[in-house]
Each structure stands twice: as structure tokens, then as C-alpha cells.
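The values are calculated or read from the model by the stated rules, or taken from the named source; none is laboratory data. In this text the structure is predicted, and so the values were computed from the model without any measurement. Reconstructed Cβ throughout: ideal geometry from the backbone, glycine too, with neighbour counts over all protein chains shown. Note: accessible area is taken over every heavy atom of the protein model, side chains too, but ligands, DNA and RNA are not part of it. Shrake-Rupley method; radii C 1.70, N 1.55, O 1.52, S 1.80 Å.
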Amino acid sequence: AFKPLSPLLYGAGRELEQNKVAELKEKAAEYFDLNDKAVRITDWEQAWQKTLQVLKGIIEKQATAVGDVAKPILIYQAPMKGHIGVWDIKGIADLIAVWPAKKGKIKVRIFEIKASWKEQTAHRIQVAIYSILLLLGLGDLAENIDLEGGVINKGSDLEKLEPETLPRFRLGPLVEDVQRLLC
């Protein structure tokens, strides 16, 4: 059965997340906060459509951007929803970064922010699930996206926002594992 975090652990994680996001927000080209609990409680589908609407607008903008690749557009607390195999899944991606197009592809990285010192497999699996939902939601637009995953934790260096300096991992093997397990 599901057992929630203790209030102490939840508070520490929330504080770390807020600090890391504030640090990133100052350096980003733009920032969107989709943390609207009232909408998620009443209509998760509406919250998911808002995520897709914002992300599609950013992708269109970044497809023609000739800007500084060190300045991504950030989306915070993005609701996700969809089906993987026979399972209905919903969740909230902590952070999505979108960089301007390079070599015809827009780089999108989904991050989970965790109050730990080490990246864990469960964190990566969470990102892999969100990446599947995102690709399904974007449809044909997904062809122009270079999708990556990352976990930001206590030790993450967020000094620069170039894609090469932020935490990342290969999604492919995890996405395949998630699809095999849930189908």
C-alpha cells in the first residue's frame, strides 16, 4: 500500500525544490509555472491540455529561435496524463527545459527534483514515464524533439544552463523497460 512521506521529509524536499527552481528561474529565458492544484483537483484533463498548449507554443517559438542556447524556457510543475499499455497514468513533472533548435531538433529535458544526494533508479523511471506521456501527447510534433531526462538533487551544479552542464541520462533503455512492464 502507498505510504506518504513524513511531513518532515516532504517539507525538506519541497524546500530543496523551491530553492533549485528559484536558482534556475533567474537564469532562464522564460518561466511558466503550471502549479495549479485547484485545476488538477477538478479536471486533470484540463491541466494536461494546458501543459500541452504551453509546451507546443514553446516548441514553435524555439524552432525558429536563434538565441542563446544557455537560456532555456522552463516549465514548472507540468501535469501529465495518458495511457501506457492498459494503465491510466497521471503525475506532475517537476521541471521541463526547452532549448532553441540546434541541427533541426529542439532539445527538451524533463527533470525530477529530489532531496537526495544520489540519483536513484526510481527517479529515472519517473522521468521515463513522463517522457512517454509527453511524446504521446505531442503526436507528430514529437518528431522534431530531442528528448532527454535528468534528475536534479542536492549536489547538482546549476551554475550554467547549457544542456551539456545540467544533469542528464539516456532515456531509451528505461523507456523500453517501462513499456515492456506496463504493456
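With a 1.4 Å probe and every protein chain left in place, work out the accessible area per residue of the chain in Å², rounded to a whole number.
Numbers: 10160 Å² over 183 residues.
I get 56 Å² per residue for the chain.
How much of the DSSP beta bridge set in the chain is antiparallel, as a percent to the nearest 5?
Working: 18 of 30 bridges.
About 60 percent, rounded to the nearest 5.
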Checklist entry - Ignoring ligands, DNA and RNA, what percent of the accessible area of the chain is carbon or sulfur (1.4 Å)? => result 55
Item to check | Set of lysines with alpha-carbon distance to Lys27 below 23 Å, sequence-local pairs under 8 removed | outcome: Lys56, Lys61, Lys71, Lys102, Lys105, Lys107, Lys114, Lys154, Lys160
Checklist outcome for this item: Over all directions, the chain yields a Cα convex hull whose mean projected area in nm² is 10.7
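Let me know the charge dipole size of the chain about its Cα centre in debye, to the nearest 20, where only the beta-carbon of Lys, Arg (+1) and Asp, Glu (-1) is charged. Write down the numbers at each step before the final one.
Details: 26 positive and 25 negative charges, 42 e Å.
Dipole magnitude for the chain comes out near 200 debye.
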Checklist entry - When the helices in the chain are scored as -39500 (n - 2.57) per DSSP H run of 4 or longer and the sum is shared across all residues, what 222 nm value do you end up with, to the nearest 500 deg cm²/dmol? => result -13000 deg cm²/dmol
Item to check | Relative pair counts by distance (%), Cα atoms of segment 61-119, 10 Å bins | outcome: 20, 36, 32, 12, 0
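Ranked from highest to lowest mean number of other Cβ atoms within 10 Å per residue, what is the order of the peptides 148-158, 39-49? Write down the numbers at each step before the final one.
Working: 148-158: 18.0, 39-49: 14.8.
Per-residue mean Cβ counts within 10 Å order the peptides as 148-158, 39-49.
So what's the convex hull volume per residue for the Cα atoms of segment 110-149, in Å³? Provide the component values of the computation, followed by the final result.
On the way: hull volume 2.4 nm³, N = 40.
Cα convex hull per residue, to the nearest whole number: 60 Å³.
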Checklist entry - Rg(Cα) of segment 25-82 divided by 2.2 N^0.38 Å? => result 1.25
Checklist outcome for this item: For the chain the mean separation of alpha carbon contacts under 8 Å (6+ apart) over residue count, i.e. relative contact order in percent, is 21
Checklist entry - Convex hull over the alpha-carbon atoms of segment 84-163: what's its volume per residue in Å³? => result 100
